[in-house]
Amino acid sequence: MHGPTDEELLLAVRSGDNDSFGTLVARWERPLFHFVYRMISRPEDARDICQETFLRVLNKAHRFKPGAKFSTWMYQIALNLCRDQLRKKRRWSAVVVERNSDFEPEPAPSAVLQVEDNPAEAAERTERRQLITQALGEIPAEQREVLVMKEFEGMKFREIAEILGCPESTVKSRMYYGLNGLKAALAKQGFTAEGVS
Amino acid sequence: MSCVHWKELLVEQLYEELERDKALALEHHLADCAECRHELEQLRQARSLLSEAKPEVPTLPRVVMLRQPTFHRPWMAFAAGFILCALLIGGGIATGVALGPKLGGSQSTTATVLEPLPQDAGNAQAPQVIDGTPVRNDFVSRDELNKALANYGARFDERLQTKGNEILTRVGQQPPEMLLTQDELNDALSIFDRQLENRRRGQIELLVDQLVQTEARLKAQEDALRILVLSGQPGVRPE
């Protein structure tokens, strides 16, 4: 990484350097937005949570423990905010129905090609995705968090354990039961890896 | 080795995070254990399904950071400061007066310090020194304080009064048919709207300038700073 580390920037923020805070925001806003969005799936809420996370980073910079990793601390703040939000609104299952109606996602180049070749296949893919997301909403929250962080965010088990503040073995165990729970939830709907039966 | 342990290794294997020696151990175990082979296959299928639900992330919204609004009217700050000082001093006097008799009448320190000095004491250019400690002689008396406050209030009232009189005179001189028509009122309001719009545009230009400068400074267009909106967040202190 070029330039000062995240931790050095945060120390500078503590001593009143606003530019360092700007650099931290620039460095982390995209990964943080991805993380939060994949946790709660609503762009407006994700935006608010990202903003609130950065505000808390700013206001609580003095509480950052020397030797700790900035990104872990930041993700912990964001995760707690996501949990509060989900607890408050209990939206996870509703998200499945709503998510395509309130925003147009930035299409990946491969997605554009797929959509263009066969609309029927694209519709089927969308339906599958909705069913899987719905099933994801049916497994316990602690397992879902691990699945999202691992599969969607590509974090290492060690990183996830640091963010959640639990042993790595617990993370792997949640991953194991989460994947099995997801498959069971899908099977109840007559859904298999090959398609809806 | 317990079943739980193999489950952990299966998960690690699924995400290719298994260390070499553990991978070898698992490989040997899988060769002998049909149940674990089945487990791994189930996990692979579940992972494949999960990966299909990976949400496409919408375009990252730009976030804008502003500093806390500052006090833009120095004269108001000055007036506020003056009034606050006056209130504090007045409060001190009132406390001194109220507590004076209880604490021993004129022996109250607060009341004594704020008493006006005799006129002739003002002639001394250098502060008096008693026991090596300079004694200040520039205190404002209660009368002077009241006079200054009354004068300030009077000037303020006078300006208000003048303005009010001007308006009343103007309205009074006009016959009813000469007052504003609905169209004139609408015109006046549209001028007001335009002025507001110009001001808003000016603020937006300022923001855009700020963003461009930030992006130039960071030299990273794709990671350009989306400055955080702090202005609407009470209690936020970038300092």
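Throughout, read-outs are computed from the coordinates displayed, never taken from laboratory work. On a predicted model such as this, the values are computed, not experimentally measured, just so you know. Don't worry about glycine lacking a Cβ; one is built from the backbone with ideal geometry, like all the others, and counts go over all protein chains shown.
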*Under 6 Å between Cβ atoms, at least 6 apart or on separate chains: pull out the pairs that start in segment A:139-168 with a residue that is without any contact (Cβ under 8 Å) to a residue 12 or more places away in the chain and end on any residue that is in a loop (DSSP other than H, G, I, E, B).*
none
_So, in segment A:123-163, how many residues would count as being surrounded by fewer than 19 Cβ atoms within 10 Å (Cβ to Cβ) and more than 13 Å from chain B (Cβ to nearest Cβ)?_
4
*asked:* I'm checking my understanding of the structure. Among residues of segment B:36-51 that are more than 9 Å from chain A (Cβ to nearest Cβ) and of a type in the set (A, V, I, L, M, F, W, C), which one is nearest to the chain's Cα centre (by Cα)?
replied: B:L40
*What are the residues in segment A:24-48 that are under 16 Å from A:M149 (Cβ atoms), in a helix (DSSP H, G or I) and within 9 Å of chain B (Cβ to nearest Cβ), if any?*
A:F33, A:H34, A:Y37, A:R38, A:A46
*Residues being among the charged types (D, E, K, R) and under 13 Å from B:H5 (Cβ atoms) - total across segment B:16-38*: 1
